[in-house]
Amino acid sequence: MRLLLLNHNTRGQGTYWRALQFARQFHMRGHEVTLMCVAADKRFRARRSSRDGFTLFETPHWAPGLDPQEGWGPLDVLFRTARGLARRVDLVFSFDHKPDAIIPAKAARLRSGCPWISDWCDWWGGPEGLFRRWVIPGEGFQALPARVRRWREWIFRRDERREERARLSADLMTVICQALADRAESLGTRRDRILLLPSGAPADAIQPGDKSSARAALDLPGGAFVLGYMANAHLDEDLLLGAFARLLDAAPETVLLVLGPPFDHPERHLTPRQRTRSVRALGPVPFPRIGSVLAAADVLLMPLSDCLYNRGRWPNKIGDYLAAGRPIVTTNVGDAPALVSRHGIGWVGSPTSESLARAIAQAWDDRAQWEDLGRQARRVAETELSWHALAEKLITAIHVRLGLDLSR
């Protein structure tokens, strides 16, 4: 069967990874798959390539005054819509509510008479959503010229309305966490049209590594308590660094190994000496290297502040951490803590710096269990949260609810 998948991110960013994994799983079952994302380096033209046996289109990102990944690029939307109208498909699967996902999806359904699945995996709108809590107050946004800020805020307001309305006519809605399932139902989507579908673990790409070798490669002390942390943006920086500062007061030899961009304001919590001695910041790490870096950590941190945005998502790092085979310390926000507790693969604190610091300290006290907990985390990556298992869950729902058999 022919399947069309639509994602608003650039290649290698955000929800692209979720769309990519489902594209791979569909292709492995013998289907003809096309995945569309946004080109990071092409403003006016699209690029076509072959990725893991399926077709990948990177569409033009030209969108004056907007981030290319916001999904409002006119050439992007036009190209995808034209492709959706030009060729019949048997299923269209769009990721998030952006115009370059929803408009082409509806066009493809109109052209082909096929089912449409819409995926909801982030909480964008509202006072505690991504836009108003993180993007607009951010220093990068506030540094933009006033006219650009006004233009983007106008887009954000319309985007917030689209988030709740645009996907309601989909034949099936996949949601990444329980909070979004509840929100979809409150907006009028029937429960039998909602499928809870978290993201999985890249167990094939990330393998548990030897801790001593990984530390030697990074010039980390062999006997230190090393905490691993990975993020594309430090949305919970104050929670994390507040906890780390408290931990350093009691255990000054602890090291925070950071994969991702620089912190915005580490000086709020850490002294210059602590930042130099106790934080090892590697910057963004290419995906093929993530496993070898995470192997250097004793435990991996997933701090989540208590806000709607965090309750309404499933961070990609969960799967990476599980695949790396290390215990996890997190906070009691969203769906991830239940996974950690249910499988006994780490420690859960409350979403305060004091409680998170206590949970990390408990992890140190329980260090004799690290190896067993890490093995159990890896088992979760290979079973319940394998992409194969999640694809089977989706394919079963498509068969039962939409009458389309994608199992072969």
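The values are calculated or read from the model by the stated rules, or taken from the named source; none is laboratory data. Source: prediction; values computed, not measured. Neighbour counts are summed over all protein chains in view; Cβ atoms, including those assigned to glycine, are modelled from backbone coordinates with ideal geometry.
Among the residues examined, PRO337 qualifies as out of contact with any Phe, Trp or Tyr (no Cβ under 7 Å at 6 or more places or on another chain), without any contact (Cβ under 8 Å) to a residue 12 or more places away in the chain and crowded, with 18+ Cβ neighbours inside 10 Å.
Restricting region 50-93 to residues that are small (Gly, Ala, Ser) and over 13 Å from LEU35 (Cα atoms), the residue that is surrounded by the fewest Cβ atoms within 10 Å (Cβ to Cβ) is ALA86. For region 104-162, enumerate the residues that are surrounded by 15 or more Cβ atoms within 10 Å (Cβ to Cβ) and polar (S, T, N, Q). Residues satisfying the conditions are SER112, SER118. Residue count for region 173-214 under the criterion of being in contact (Cβ under 8 Å) with a residue 24 or more places away in the chain, among the small types (Gly, Ala, Ser) and farther than 18 Å from LYS393 by Cβ: the result is 5. Out of curiosity, is GLU253 outside any helix (DSSP H, G or I), free of Cβ contacts under 8 Å to residues at least 40 places away in the same chain and either touching a Lys or Arg at 6+ places or on another chain (Cβ under 7 Å) or assigned by TED's automatic domain parsing to the domain that holds ARG375 (or both)? Judged against the criteria, GLU253 is a match. For region 268-288, check the following and say yes or no: at least one residue is under 25 Å from ILE176 (Cβ atoms) and crowded, with 17+ Cβ neighbours inside 10 Å. Within region 268-288, none of the residues are under 25 Å from ILE176 (Cβ atoms) and crowded, with 17+ Cβ neighbours inside 10 Å.
Of the listed requirements (1) in contact (Cβ under 8 Å) with a residue 40 or more places away in the chain; (2) surrounded by fewer than 16 Cβ atoms within 10 Å (Cβ to Cβ), LEU5 misses just one: (2).
When each of LEU91, LEU78, LEU66 is tested for being in contact with a Gly (Cβ under 9 Å, 6 or more places away or on another chain) and more than 25 Å from PHE287 (Cβ to Cβ), the lone residue that passes is LEU66.
Helices (runs of 4 or more DSSP H) fully within region 296-408 that include at least 2 residues being over 22 Å from ILE176 (Cα atoms) and at pLDDT 95 or above: 353-365, 370-382. On inspection, GLU267 fails the criterion of being without any contact (Cβ under 8 Å) to a residue 40 or more places away in the chain and in contact with a Pro (Cβ under 9 Å, 6 or more places away or on another chain). Among all positions in region 12-27, there is at least one residue which is in the same structural domain as TRP116 (by TED's automatic domain parsing), surrounded by fewer than 22 Cβ atoms within 10 Å (Cβ to Cβ), at pLDDT below 95 and more than 24 Å from LYS393 (Cα to Cα). Annotation: SER278 fulfils all but one of (1) over 29 Å from LEU390 (Cβ atoms); (2) of a type outside the set (D, E, K, R); (3) modelled with pLDDT under 95; the unmet one is (3). Based on what the data block shows, is ALA217 of a type in the set (Gly, Ala, Ser), farther than 30 Å from TRP134 by Cβ, in contact (Cβ under 8 Å) with a residue 40 or more places away in the chain and assigned by TED's automatic domain parsing to the domain that holds ARG280? Spelling it out, ALA217 is indeed of a type in the set (Gly, Ala, Ser), farther than 30 Å from TRP134 by Cβ, in contact (Cβ under 8 Å) with a residue 40 or more places away in the chain and assigned by TED's automatic domain parsing to the domain that holds ARG280.
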